[in-house]
Amino acid sequence: MSVERRMVGEDVALVDLIDRLIGGGVVLTGDVVLSVADVDLVYLGLRLVLAPAHEVNESVRLSGRPAAGGR
Amino acid sequence: MDAPEGTVLHAYGVVRAGDAATLPERGIGGAPVGLLVVDGLAAVVSDLPGSSFGEAVWRAHAEDPEWLGVVAGEHNAVLEAVIDETDVLPLRLPGLYRHREALETELRANAGPLTAAFDAVRGHVEWGVKVFLVEELDEPAAPKPSSGRDYLSRKSSAAARKETARDRRAQLLFDVHEELALLAAADVVNAPQDPALSGRKEPMLLNAAYLVGRDERDGFLGEADRLGERLAPDGMRLEVTGPWPPYNFAGRAESSGAPGVPA
């Protein structure tokens, strides 16, 4: 089977959660307790904790179509 | 009204006050989930004990995948219960506020961008699509080279084959993304996830997200299946996750106020 579907709520991979919950979403700063800069550090720290640097040798960045909400 | 003594206010996301959002009873750490209504907007919130989820605990556990995984999972589960029927703007973690007024002020100050963000995601949810290279094909076993020259020529033709296979994969991936994007109101291609974080050895070739209408779920998933079959002969596997709150498409509503002041 070449296609796997993992519905949210079944068995969500930590990396998918982190990608979205810390990398995405609406930011309302103001009097939030931890600043966004702190969170970026968290993400960086987590990467360092989980493993030494790995490299993805072949990755395709698609650029033909402007991402509608791209960063 | 302040949050009860010793608690912090955790915000999961924002809904429109007029939508009858069905909230789950419990959120992070089993805390009750409620709404904080400000004009036309409502934040989905919980009062959490500071001793378990306050700032110091966040700092202590922010690099602890197990703790973070539980909190992130519970945060997401609350939003997931809402998105089946109601549009929601997910808030980025950590979403801790000292007291209700702070969050109310933020919601008021950002009412314009938040309303615009609702307009952008109205009736849509997010689906994630990843493609992995599960096997590198086209490496036939060859008899021992008869000479140094033979060895070199074989080596270079193997390299050329490898390159051709890579070009072919790139084209296929491009096509797959284009076809899925046609079914989406918006799309974004993110950097591949770090294998260190994903725990997977296969290289990730595509990490994309699509904003898809709730009504178009079956069509999108059917197309993803079809495209996955198309990738399989070239050693690639397509994986779909979702439906997600629109994390990749709701993040434009940055605060217009002063930058965040860390405690």
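Values in this text are rule-based calculations from the coordinates and carry no lab data. Owing to the predicted nature of the structure, the values given are computational and were not obtained by experimental measurement. Glycine gets a Cβ as well: all are built from the backbone with ideal geometry, and neighbour counts include every protein chain shown.
Of note:
- Between B:Ser51 and B:Asp84, the contour length at 0.36 nm per residue exceeds the alpha carbon distance by 8.6 nm.
- Residues B:Thr164 and B:Lys144, FRET efficiency given R0 of 41 Å [Cβ-Cβ distance, rounded to 0.05]: 0.95
- Relative contact order for chain B, counting Cα pairs under 8 Å that sit 6 or more residues apart, in percent: 24 percent
- Taking Cα atoms only, the orientation of helix B:100-109 departs from the longest principal axis of chain B by about 70 degrees.
- Alpha-carbon centroids, segment B:47-108 and segment B:206-232: separation in whole Å: 29 Å
- Relative to the longest principal axis of the Cα atoms of chain B, the long axis of helix B:217-231 makes an angle of roughly 20 degrees.
- Here is the list for segment B:101-175: trypsin sites (Lys or Arg not before Pro) lying in DSSP coil, each with at most 14 other C-beta atoms within 10 angstrom of its C-beta, are B:Arg122.
- FRET efficiency estimate (nearest 0.05) - Cβ-Cβ, B:Ala111 to B:Ala20, R0 25 angstrom: 0.75
- Residue by residue, segment B:128-133 carries 3J(HN,Hα) couplings of x, 10, 10, 10, 10, 8 Hz when phi is fed to the Karplus relation 6.51 cos²θ - 1.76 cosθ + 1.60 (θ = phi - 60°); x denotes Gly or Pro.
- Nitroxide proxy distance, nm - points 7 Å out along Cα→Cβ at B:Asp39 and B:Asp119: 1.4 nm
- Between B:Asp234 and B:Lys201, the simple spin-label model (points 7 angstrom out along Cα→Cβ) gives 2.4 nm.
- Under a Gaussian network description of chain B, with springs only between Cα atoms under 10 Å, the residue in B:Glu202, B:Glu163, B:Glu216 that fluctuates furthest is B:Glu163.
- Once the Cα atoms are used to define both axes, helix B:111-121 deviates from the longest principal axis of chain B by about 40 degrees.
- Remark: the B:Ser157-B:Val70 segment gains 26.3 nm on full extension, using 0.36 nm per residue and subtracting the alpha carbon distance.
- Normalising by residue count, segment B:97-248 has a Cα convex hull of 151 Å³ per residue.
- FRET efficiency, 1/(1 + (r/R0)^6) with R0 35 Å, evaluated for B:His61 and B:Asp218 via beta carbons: 0.30
- The mean count of C-beta atoms from other chains within 10 Å of the C-beta of residues in B:62-73, rounded to a whole number, is 5.
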